[in-house]
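Everything below concerns the one structure shown next.
The values are calculated or read from the model by the stated rules, or taken from the named source; none is laboratory data. The structure presented is a predicted model; accordingly, all values stated were derived computationally and were not measured. Note: ideal-geometry Cβ built from the backbone for every residue, glycine included; neighbour counts use all protein chains shown.
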Amino acid sequence: MKKYTSVDDIIDLPELLDLAASFKKEPFQSEQLGKRKTIGLLFFNPSLRTRLSTQKAASNLGMEAMVMNLNSEGWLLEFEDGVVMDGTKAEHIREAAAVVSQYCDILAVRSFPTLTDKEKDMQEYVISAFVKFASVPVISLEGSSEHPLQALADALTIAQFKKTDRPKVVLTWAPHPKALPHAVPNSFVKIMKRSDVDFVIANPEGYNLDPSVTEGVEILHNQKEAFANADFIYAKNWSSFETYGQVLSTDESWTVSEKRMRLTNDAYFMHCLPVRRNMIVTDAVLDSDRSIVIEQANNRTFAAQAILSKMLQHE
Ligand code: CP
């Protein structure tokens with residue numbers, strides 16, 4: 001595996017999920033694999049789970065992790081070619097990516113979208129530049145259009161908790177006061193399309209995700225209808241894709257509530273976290289025994305460990 005910046009980079013999903021599950025059982029089974037290898041974790045945006053779980057995954061494989069918050073600690077980077085760098089940006093991505101590649105065996109980068117420049121965001125402007133100019137494998141720690149490590153942990157969580165061979169999984173939009181990216185839902189849709197599940201998306205009018213991602217998936221604009229007989233409810237907010245980056249609604253009738261969950265087949269509740277209580281989901285649902293968000297976050301370590309081990313073995 002030379003890069004993991006999209007769910008599309010997964011070749012054999014069942015095999016990868018088995019590997020992640022085996023790391024969950026025996027986290028230190030390959031503790032020599034990453035000996036004397038280093039991963040560089042570069043963050044342009046905040047993180048709790050992604051940063052710590054990827055560091056933990058690296059440590060379980062015997063790797064060293066170097067972490068840097070590029071926006072606050074590094075030089076401001078220029079990504080455009082051919083510009084006169086007479087402004088605030090002191091270093092070009094060409095040198096930065098090449099230099100960091102000398103210090104690291106794997107690079108991992110988090111860079112959120114602008115939510116104003118759709119074209120740039122869809123090109124994965126920052127992470128694509130690292131892939132282009134780094135000489136080592138690159139992992140997305142959440143880019144502008146995908147969060148593939150999250151998606152792998154999500155699929156692992158569903159595999160762990162499912163009670164039937166083909167569970168019904170619902171991805172539902174839920175309200176949030178701020179404009180949020182499409183990365184988590186995009187990657188979740190992509191990985192569910194490759195999973196043996198009955199998959200439905202529920203979102204209000206105006207909130208359909210990128211049609212090239214959701215192609216072939218049923219989209220309902222009625223949350224109650226979508227929740228009927230669901231085995232897993234995955235809640236997430238995203239801003240409008242069509243009216244790019246805009247908050248069109250904060251309709252609280254889309255907040256996942258106990259009443260809404262009663263329509264399901266006693267479904268498990270999932271969210272990638274961080275989650276705003278009583279906006280996305282009520283306290284009662286989040287604190288119930290059907291909420292598996294903490295185990296979902298735990299699975300981030302083993303999903304990351306599976307990807308790192310593939311890269312370390314050049315598979
Ligand atoms: N789910 C997730 O990516 O969490 P962090 O933003 O805290 O890393």
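Of all strands (runs of 3 or more DSSP E) completely enclosed by region 201-296, which ones contain at least 3 residues that are out of contact with any Lys or Arg (no Cβ under 8 Å at 6 or more places or on another chain)? So that I can check it myself, show each step before the final result.
Working: elements: 218-220, 232-236, 268-270.
Because the criterion is at least 3 residues that are out of contact with any Lys or Arg (no Cβ under 8 Å at 6 or more places or on another chain), the strands (runs of 3 or more DSSP E) in region 201-296 that meet it are 218-220, 232-236.
Within region 220-228, does at least one residue satisfy the condition of being under 26 Å from K118 (Cα atoms), assigned by TED's automatic domain parsing to the domain that holds T172 and more than 16 Å from the ligand (Cβ to nearest atom)? Reasoning before the result, please.
Let us first name the residues in region 220-228 that are under 26 Å from K118 (Cα atoms), namely 220-221.
So of that shortlist, the ones also assigned by TED's automatic domain parsing to the domain that holds T172 come out as 220-221.
Subset that is more than 16 Å from the ligand (Cβ to nearest atom): 220-221.
Yes, there is a match, as at least one residue in region 220-228 is under 26 Å from K118 (Cα atoms), assigned by TED's automatic domain parsing to the domain that holds T172 and more than 16 Å from the ligand (Cβ to nearest atom).
Of the residues making up region 280-315, those that are in contact with a strand residue (DSSP E or B) (Cβ under 6 Å, 6 or more places away or on another chain) and more than 16 Å from the ligand (Cβ to nearest atom) are D283, V285, R290, M311. Evaluating P185 against the criteria (1) touching a helix residue (DSSP H, G or I) at 6+ places or on another chain (Cβ under 8 Å); (2) within 16 Å of the ligand (Cβ to nearest atom); (3) under 27 Å from Q305 (Cβ atoms); (4) outside any strand (DSSP E or B) leaves one unmet condition, (1). Residues in region 205-239 that are in contact with a Ser or Thr (Cβ under 8 Å, 6 or more places away or on another chain), surrounded by fewer than 20 Cβ atoms within 10 Å (Cβ to Cβ) and of a type in the set (A, V, I, L, M): A228 only. Considering only region 243-262, I want to know if a residue exists there that is within 16 Å of the ligand (Cβ to nearest atom) and either modelled with pLDDT of 95 or more or closer than 30 Å to K118 by Cβ (or both). No, region 243-262 contains no residue that is within 16 Å of the ligand (Cβ to nearest atom) and either modelled with pLDDT of 95 or more or closer than 30 Å to K118 by Cβ (or both).
Residues checked against (1) β-branched (V, I, T); (2) not assigned by TED's automatic domain parsing to the domain that holds S72:
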{"residue": "A98", "(1), (2)": "no, no"}
{"residue": "E119", "(1), (2)": "no, no"}
{"residue": "I139", "(1), (2)": "yes, no"}
{"residue": "K163", "(1), (2)": "no, yes"}
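Selection over region 115-137 of residues that are assigned to a loop (DSSP other than H, G, I, E, B) and in contact with a helix residue (DSSP H, G or I) (Cβ under 9 Å, 6 or more places away or on another chain) gives a count of 7. Among the strands (runs of 3 or more DSSP E) confined to region 1-114, the ones with at least 1 residues that are at pLDDT 95 or above, surrounded by fewer than 16 Cβ atoms within 10 Å (Cβ to Cβ) and within 16 Å of the ligand (Cβ to nearest atom) are located at 64-69.
Collect the residues in region 139-169 that are in a strand (DSSP E or B) and either surrounded by 24 or more Cβ atoms within 10 Å (Cβ to Cβ) or within 16 Å of the ligand (Cβ to nearest atom) (or both), keeping them in residue-number order. Hits for region 139-169 are I139, S140, V169.
Count of region 280-297 residues, restricted to those that are crowded, with 17+ Cβ neighbours inside 10 Å and in contact (Cβ under 8 Å) with a residue 40 or more places away in the chain, is 5.
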